[in-house]
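A.B. asks: Got a structure for you, questions after.
The values are calculated or read from the model by the stated rules, or taken from the named source; none is laboratory data. Being a predicted model, the structure only gives us computed values, none of them experimental. Using ideal geometry, Cβ is built from the backbone for each residue, glycine included, and neighbour counts are taken over all protein chains shown. Each accessible area value is taken on the protein alone, full model and side chains, heavy atoms only, with ligands, DNA and RNA left out. Shrake-Rupley method; radii C 1.70, N 1.55, O 1.52, S 1.80 Å.
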Amino acid sequence: MVSKNWEEVVSRLENYDLNNLLNQDFIDDLNEIIDVDEAISCVNISLIVRGDVVNLENNNVKGINISCDNLVDTIVKTIYLNTEYKQDEIKEIIEKYEKLD
């Protein structure tokens, strides 16, 4: 019999710009090459946690995905954290980089 116990793996954070997690110099450089009526928005950051040494026989990695689900999320600044790895600690790191207006 298959277990039907749900685990929370996706967390939503409202009023957060995913660009906050990118290097500001990088964003500034990109903004210099785009047209005046355009804007840069990061929509997805995907990371993996793996062993220091790559072992092709044991590909045991954990994924971390921080993303906007759609264009509306990007505009209204809502991000989703989907991770199997240290969710509470990652939430704290993301909040640390929140830019206050």
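A.B. asks: Along the Cα→Cβ direction, 7 angstrom out, place labels at LYS62 and TYR97. What is the inter-label distance in nm?
C.D. replies: 1.9 nm
A.B. asks: Quickly work out the VAL54-to-ILE27 label distance, labels modelled 7 Å from Cα along the C-beta direction, and quote it in nm with one decimal.
C.D. replies: If labels sit at ILE27 and VAL54, their model points lie 3.2 nm apart.
A.B. asks: Packing-wise, with mean Cβ within 10 Å as the measure, how do 67-80, 43-56 rank, highest first?
C.D. replies: 67-80, 43-56
A.B. asks: So, in nm, how far is label ASP37 from label ASP88 when the simple model puts each one 7 Å beyond its Cα toward the Cβ?
C.D. replies: 5.0 nm
A.B. asks: Let's see if you can work this out: charge +1 on each Lys and Arg Cβ, -1 on each Asp and Glu Cβ, no other charges. What is the dipole magnitude of the chain about its Cα centre, in debye to the nearest 20?
C.D. replies: Numbers: 9 positive and 22 negative charges, 130 e Å.
Taking the Cα centre of the chain as origin, the dipole is about 620 debye.
A.B. asks: Oh, and also: For the chain, report the accessible area per residue in Å² (1.4 Å probe, heavy atoms, rounded to an integer).
C.D. replies: For the chain, the solvent-accessible area averages 83 Å² per residue.
A.B. asks: While we're looking at this one, here's another question. Compute the Cα gyration tensor for the range 3-74, then decide on rounded, prolate or oblate, letting a ≥ b ≥ c be the square roots of its eigenvalues: rounded whenever a/c is under 1.5, prolate when a/b is larger than b/c in the other cases, and oblate in all that remain. Please list the in-between numbers first.
C.D. replies: Numbers: a/c = 3.39, a/b = 1.55, b/c = 2.19.
Here the range 3-74 falls in the oblate category.
A.B. asks: The range 24-44 to the range 58-92: how many Å between their Cα centroids?
C.D. replies: 21 Å
A.B. asks: Could you work out what % of the accessible surface of the chain is carbon and sulfur, using a 1.4 angstrom probe and leaving DNA, RNA and ligands out of the count? Walk me through the numbers before you get to the answer.
C.D. replies: On the way: 4180 of 8420 Å².
Within the chain, the accessible surface is 50 percent carbon and sulfur.
A.B. asks: While we're looking at this one, here's another question. Do you know the relative contact order of the chain, to the nearest whole percent, from alpha carbon pairs under 8 angstrom that are 6+ apart?
C.D. replies: Contact order relative to length: 35 percent.
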